[in-house]
Amino acid sequence: MFYAMPNNVLLWNFRFFLKTFNLFALDKRISYFEDISLLKDNSVKRWSFLCLLLFGLVPFVLAEYQVFIANLVLVNVIIVLGLNVLIGNTGQISLGHGGFVAIGAYMTVILDEQWLPFLPSLILAGFVAALFGFILGIPALKLEGPYLAVATLGFGLAITTIIGRMPFFGGHMGIIPPPLKVLGMEMTSNTHFYYLCLSIALLMGVFARLLIRSKIGRAFSAIRDSDIAASSLGVNVVWYKTMSFAFSAFYAGVGGGIWAYVLGFISPGNFTPVLSILLLSMVVVGGSGSITGSILGATVITLLNLQGEKIQELPLIGPFFEWVSAHYMSISGLPNINFVFMGLTVILIILFEPLGLFGIWLRIKIYFKTWPF
Amino acid sequence: MIGQLIMSGIVAGSIYALVALAMSLTYKSSEVANFAQGEMGMFSTYVAFVMLATYQLPFWMAFIGSLLFAFLLGLFLHFAIIRRAKNPNVLNLLIITLGFQVFLYGLVGWKWGSEQRVLKIPISQTETVEFAGLTISQLNLATILVAILLMASIYILLRFTKLGLAIKATQQNQTAAKINGIPTKLIVAITFGISSVIGAVAGILMAPITTLDPNMMIEPMLKGFAAAVLGGFNNLAGVVAGAFILGIVENLFGFYVSTEFKSIVAFLIIVIVLYFKPSGLFGTHYTRKV
């Protein structure tokens, strides 16, 4: 038999690899605890460990500026993890998350500057954002669809405008965060920031996953599927809906707090509705209601947004677009091309895969699970 | 003074009303809150600009040409993009329109750059008209008149024509409309076209007041959307009323309380109104299936 005689080292190694890293093995769950566990089985555990190792090595591979971009990606991952719980798991919509990010960013910087060390002020800022999320959740209880969209949009705009007019927050000029010190260590370079962002993102991701797997997460899903049915089953809709807002606002606040330090400068112009819309599209492009989706979506959209203009440096495609641009569009290179590509990507992903990038991953997984059928 | 303020509120309100009307029309027939509405209007305005500045056409030709373009753009959005979505839900459709908005914004920025242009229209902005003790510039008067004319024609279209009847039937119940022989998909596409035309008119009216640049329609779009929600998204007359209320309140607040917070007071009012009336001021309350 094949399994009995590994007469070839290569074959043996391949079998070892398949057994230890087979993500596509058919599910053989035997107990409820496996269903609610953090990592499904041993192969997933090993993959997670490998991925973590790879993420840890990123700053050694990338250039300084690319590490900066990676930091921005991680910050967006943190924010989107929370937003995805609100949108994907609870079925609410928010066009005002930029407001929570702003609250978190300003609170962290101000607390850190005057009263507390960085980590406590970050957590406190997250809770302040959560409080605002709770307050926004109250009128949001009765609203849905476009009504909810407008209410949250108004909230985000109001926060940004109020911050922009108050001299205490630096007004339109913005504020510069103090030098970052975490647990006594000075954080100066982007690489230091990278490890900080990575560890916080990891913590937040694990926490979000645990929350979704718990009773609270199931209550969220019940509300998404039908809030009337959920309340008739004894789910306290008022409590869990506002809690979902508060939870996602907490994530946005923490993300905002780190963002301020990564950027090194914040002003109200950073927290426009455009930011909220970007965050929303990260959720939907990544795949609503999934942690993997949050990570994928945040990565893709952030890179498209920041590095979209690099398209002209690609072989074949770049010269083609430059030719098109010179002949039909504009004489000055490729201005604003990143917006064109971002819009197109968002439209195409949602047209062809309603579940987003996570849906594509699911399809790959199912294909290999049932291979060769 | 207060009369003057209300007058300029009405001018702002009529722009909001057009955008709000456009969004509400498409929302009623396809459940899509079309966030690309403003950008579609902006694109059509640029088309008018090209016809005026590059091809030196007379204004009326450029106007009609850009409206035609807007109609085709609306059809394109429905046929090429929204119809192609696989089992769409409301959130996905919303993101698709947001993606289309970003795409159009980038396209216009690519083609015409982000510098500010001047759209030459044959109506003067400086010459004023005295009207019942109030002074109003010709352009503002024209804005109000065109908006009212357009709203009236939408009313006539919906109330007295066969197409309007088909649109209303589609909005009420697509399946029943289809059974009765109405080509519902085509009708929804036409609704998108009409909305796009309304948005384009708003853009052309807006361009001389501000300037013509890719960011031109972002604020009117958000305000128009907010106004539509304030009035009740599924009631066209309510939507228009909401837009005028918003414009007037905003202007009065800007003068008497604070100009700095003028742009957000609208949203605060809306949050408060929605807290007490979740379906807007004049919207009919929706009932849901469990």
Are there any pairs with C-beta distances below 7 angstrom linking a residue in region A:342-357 that is within 7 Å of chain B (Cβ to nearest Cβ) and among the β-branched types (Val, Ile, Thr) to a residue that is surrounded by fewer than 19 Cβ atoms within 10 Å (Cβ to Cβ) and in a loop (DSSP other than H, G, I, E, B), with the two at least 6 apart or on different chains, and if so which? A:Ile350/B:Ala85
Output the residues belonging to region B:57-98 that are part of a loop (DSSP other than H, G, I, E, B) and either within 14 Å of another protein chain (Cβ to nearest Cβ) or buried (at least 17 other Cβ atoms within 10 Å of the Cβ) (or both). B:Arg83, B:Arg84, B:Ala85, B:Lys86, B:Asn87, B:Pro88, B:Asn89
Checking the conditions here, which among A:Leu334, A:Leu316, A:Leu306 is away from every other protein chain (no Cβ under 14 Å), more than 30 Å from A:Gly170 (Cβ to Cβ) and aliphatic (A, V, I, L, M)? A:Leu316
Answer yes if at least one residue in region B:106-123 is in a loop (DSSP other than H, G, I, E, B), under 29 Å from A:Leu306 (Cα atoms) and away from chain A (no Cβ under 14 Å), and no otherwise. yes
From the residues in region B:196-221 that are in a helix (DSSP H, G or I) and not aliphatic (A, V, I, L, M), which one is surrounded by the fewest Cβ atoms within 10 Å (Cβ to Cβ)? B:Glu219
So which pairs qualify, if the first residue must be in region A:156-179 and more than 10 Å from chain B (Cβ to nearest Cβ), the second must be part of a helix (DSSP H, G or I) and basic (Lys, Arg), the Cβ gap must be under 9 Å, and the two must be at least 6 apart or on different chains? A:Gly171/A:Arg165; A:His172/A:Arg165
Against the condition acidic (Asp, Glu), in contact (Cβ under 8 Å) with a residue 40 or more places away in the chain, buried (at least 22 other Cβ atoms within 10 Å of the Cβ) and under 30 Å from B:Val188 (Cβ atoms), how does B:Glu39 come out, does it pass? yes
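What helices (runs of 4 or more DSSP H) completely inside region A:204-264 contain at least 1 residues that are in contact with a Gly (Cβ under 8 Å, 6 or more places away or on another chain) and among the basic types (Lys, Arg)?
Working: elements: A:215-225, A:227-232, A:237-263.
Ranges flagged: A:215-225, A:237-263.
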If you go through region B:254-274 one residue at a time, do you hit one that is over 25 Å from B:Leu158 (Cα atoms), of a type in the set (Phe, Trp, Tyr), away from chain A (no Cβ under 13 Å) and in contact with a helix residue (DSSP H, G or I) (Cβ under 6 Å, 6 or more places away or on another chain)? yes
Residue that is surrounded by the most Cβ atoms within 10 Å (Cβ to Cβ) [pool: residues in region A:216-237 that are away from chain B (no Cβ under 14 Å) and under 24 Å from A:Ala129 (Cβ atoms)]: A:Phe220
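Computed from the coordinates by the stated procedures, all read-outs in this text should not be read as laboratory data. Please read these numbers as outputs of a predicted model, since none were measured by experiment. Because the Cβ atoms are built from the backbone with ideal geometry, glycine has one as well, and the counts that use them run over all protein chains shown.
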